[in-house]
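Undergrad: Starting off with a structure, shown below.
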Amino acid sequence: MKVSVDEELVRKLESLALISLSPEERREIVKDLSRILDFFNKIDEINLEDVEPMFHPLSQGRLRKDQPRDPLPRDEAIKNAKKKKDGYIIGPSTTGG
Amino acid sequence: MIKDIINDLSSGNLSPEDYVRRSFERIERVEGRVRAFITLRKEEEVLNDVKASLRGKGKLSGVLIAIKDNISTNGIRTTCASKMLEDYVPPYDATVIRRLKEEGAVILGKTNMDEFAMGSTTETSYFGPTRNPWDLTRTPGGSSGGSASAIAAGFVEIALGSDTGGSIRTPASFTSIFGLKPSYGTVSRYGLVAYANSLEQIGPMARNGEDLALLFSIIAGPDDRDATTIDYAPQGGAINIPVKGVRVGILTDLLEASDKAVSSTITGFVDKMVSEGAIAEETKLGLVDYVLPTYYIIAMSEASSNLARYDGVRYGYNSLVEGNWREVYSKNRGEGFGREVKRRILLGSVYPECWLLRAILH
């Protein structure tokens, strides 16, 4: 599968991944991307028509009983947040963008 | 060996003061050049913990251990070698840490690694590279290079690493110690900072096979907090297995792709096993050229999704800019992540779905 790599694609990825790059980083990534995508194209060579997908290495999971456990105390849970007030974390504005 | 340290400590042949001092003396002498640790605990705190631990009877009572810095330790910062988590202090212990503490192990410090375990040389760390104690001009391998170097430099006898695509095995090999990537599901990942969760495992690193088996037996086993763990509990010990009659498969396609020095070392070892009665048979793994692209596609897609949690708001690097959530998150992530991490997240966002599906099929 051929994806053409240019600055526009990288800007789209930045917006998908919510990472803003400096112009210099963006130029570097443009260079890297096409090289790495060519490398990935290698798996197109294999015929996988009759192969069952394996979505996870284990076929079944271990589930615990659906019972609540004691949560972290509030102050412990938010101690790593940089902006907080009265036991709440202050987040950025969710309007716009 | 751990067995000897425990015997010496419990019989009084070795005082906790001398044991801890010996380790710190070694660190004072060479750590400036090796740089195995991101966070080293204070000697006094470590000594107090060792003394307290010696009052119990655990399988690792009083024994010092180094922990890779992507494994959560309650009250000790856990950075993943990233600016993003430079001052992050977990409010809980990973399951493996809880199990180690129950057996009396004492954490000496948190070891350097490639940022978010993305690399195989320990050079992408925000805190700078770790060097190989055997030759300071060389890499110890990675991403668990700090743990490997801490053992090779004589700071500790045992350490924990994590392995997604070779991150325990490569540094163990480069520093001439022992390391194991356990089969998926045998060791709980609860508290391991996620990179590529369907591939990675926490694993033991040690100076010899017996200590490796002991450490593995302590950290392995099912865990209610990790739905992917299986019912398997290794017993430890019994590592002197006679090779007579054991069938050994030689993967010729891997040998052919190896450097001559590597393949001749392996061939020499196989000859030695055969001379002691092992049966060597050649076989092919097949499709080896497709392994690396397949690994990268799975790892980067998972990384892209796992690292979406770092927005800098609840924890982690916060640029303190004002703006709407898209601007703030993008700035925090753009400044908080290093180059390799950003590269992998962006690459993991590029694959059309069918590529990921093809990688899974493979």
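What follows is calculated from the coordinates using simple rules that are stated; it is not laboratory data. Owing to the predicted nature of the structure, the values given are computational and were not obtained by experimental measurement. With ideal geometry, Cβ positions are generated from the backbone for all residues, glycine too; neighbour counts draw on all protein chains shown.
Undergrad: Do the alpha carbons of any pairs in B:Lys42/B:Lys110; A:Lys84/B:Lys83; A:Lys85/B:Lys342; A:Lys31/B:Lys342 sit beyond 23 Å of each other, and which pairs?
TA: Flagged as over cut-off: A:Lys85/B:Lys342.
Undergrad: Next question. Peptides B:247-259, B:193-205, A:58-70: what's the order by average Cβ count within 10 Å, highest mean first?
TA: B:193-205, B:247-259, A:58-70
Undergrad: Does anyone have the angle between helix A:23-40 and the longest principal axis of chain A? Alpha-carbon axes, 0 to 90°, nearest 10?
TA: On a 0 to 90 degree scale, this one is about 60.
Undergrad: In addition: Stokes-Einstein diffusion coefficient for the protein assembly as shown at 37 °C in a medium of 0.692 mPa s, Rh from the Kirkwood formula over Cα pairs: what value in µm²/s?
TA: 138 µm²/s
Undergrad: Here's another thing I want to ask about it. In what sequence do B:Phe337, B:Phe269 fall when counting other Cβ within 10 Å, fewest first?
TA: By the 10 Å Cβ count, ascending: B:Phe269, B:Phe337.
Undergrad: Placing unit charges on C-beta atoms (Lys and Arg positive, Asp and Glu negative, everything else neutral), compute the dipole magnitude of segment B:265-350 about its Cα centre in debye, rounded to 20.
TA: 560 debye
Undergrad: OK, next. Treat the count of other C-beta atoms within 10 Å as a stand-in for reagent exposure and order B:Thr229, A:Thr95, B:Thr130 from fewest to most.
TA: Ascending number of Cβ neighbours within 10 Å: A:Thr95, B:Thr229, B:Thr130.
Undergrad: For a footprinting-style exposure proxy, rank B:Thr294, B:Thr265 by other Cβ within 10 Å, fewest first.
TA: B:Thr265, B:Thr294
Undergrad: Rounded to the nearest 500, what is the 222 nm mean residue ellipticity of chain B from helices alone, with -39500 (n - 2.57) per DSSP H run of 4+ residues and division by all residues?
TA: The per-residue figure over chain B is -11500 deg cm²/dmol.
Undergrad: Show the residues, 5+ positions off or on another chain, whose built amide H is closer than 5 Å to the amide H of B:Ala280.
TA: B:Val248
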